[in-house]
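Structure record follows, encoded as structure tokens.
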Amino acid sequence: MIESSAPGSVMLLGEHAVLRGEPAVVAAITARWVVRLWARKDSRIRIASDFGHWEGDREDLPVEGPLRWVAHAIAAVSAENLGGFDLQVETAWREPMGLGSSAAVTVAVLGALRRWSGEHDDRARLLEQAVNVIRTVQGVGSGADAAASVYGGVVEFTSEPLRVRPLARELPLLLRYCGYKTPTIEVIQRVQQLAMRLPEVMNPLFRLIGELARGGARAIEDGDLPQLGRWMNAAQAAMEALGVSTPELDRMVREFRATEGIWGAKISGAGLGDCAIAVGTTHQEWPDLVKVRVEARGWTIKETR
């Protein structure tokens, strides 16, 4: 049996601009996806998960629907050295939060299949394959969340060229879920349409978001949490200018900033729902608080015979 595991992630800085060559800062979190693989004696593939079950031949993989990330990851690995197998996917959470779930399950499935097919445990190649799968499924995607899933900790990421720079193994973060999430691709398309209509406004805004991410990365390296908070606060204003914040997220950000011990806050991810994130610590409890921490471990793999 092969067990492959990858953490989810949260975006700290750089949303949307990372799709245009600017850097992003992203952190792995302590909510992991676990994939277990058992070899079969026939050529059939069976997938079992909390979000769907499927059994069939490789050429009939369900590339649409809730199992599409698993199916596309399977299709990305050459069938030459693969026979049939059973794949069990254990989800990190049941809420419809993003938190890098698509990237995490993609990395975990690819990692298991690469080990089984005899590929080297090469993190750079694993990330490259994961980014390709994400872009195949969504049509667009930076791969920042996949970078956090592969390498763990807090990293600075650029998509063109594909580059990952470790920044820290821990960081005091707080996360709150607003109760709903708009699919990432829908938000990306909305921002792209706005960029096409108003390039003279949007292109400088994307460059500003990139500069804020660079500043945040420097602050993390220096261990300067107050400065990181200031970069995050400024980035929230940029996200609002993109039109991807919401009244619920705005309220959470204000409440975070008004709380002693918190240095700064913003929305996390593409926007139009999902989560607000803050840097700092507090004893304040909110009913929508998501109890996660930065996960130092990225992708892991083990094999038992």
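Key figures
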read-out	value
Pair-distance profile P(r), taking every C-alpha pair of region 173-290, with 5 angstrom steps and integer %	2, 12, 21, 22, 20, 14, 7, 2, 0
Span-rule helices in the chain, defined as complete DSSP H runs reaching 24 Å or more along the axis (Cα) with Kyte mean at least -1.0	199-222, 225-242
Backbone N under 14 Å from the residue 283 label point (7 Å along Cα→Cβ), restricted to region 260-275	260-261
For the chain, calculated [θ]222 nm from helices alone, where every DSSP H run of n ≥ 4 adds -39500 (n - 2.57)	-12500 deg cm²/dmol
Highest-MSF residue in the chain out of 236, 129, 193 [GNM, Cα springs under 10 Å]	193
Cα-Cα separations in the chain greater than 30 Å, expressed as whole percent	30
Simple label model, 7 Å out from Cα along Cβ direction - residue 44 to residue 59, nm	1.8
Residue of 286, 69, 38 that the Gaussian network model of the chain assigns the largest fluctuation, springs spanning Cα pairs under 10 Å	286
Average Cα contact separation per residue, the chain, under 8 Å, 6 or more apart, as relative contact order %	26
Förster radius 35 Å - calculated FRET efficiency between residue 221 and residue 255 (Cβ-Cβ, nearest 0.05)	0.75
Cross-link partners of residue 266 among aspartates and glutamates (Cα-Cα below 14 Å; sequence separation of 8 or more within a chain)	15, 240, 248, 250, 255, 274
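FYI, it's all coordinate maths here, none of it is from the lab. All values derive from a computational prediction rather than experimental measurement. Please note: Cβ atoms are built from the backbone with ideal geometry, for glycine as well, and neighbour counts cover all protein chains shown.
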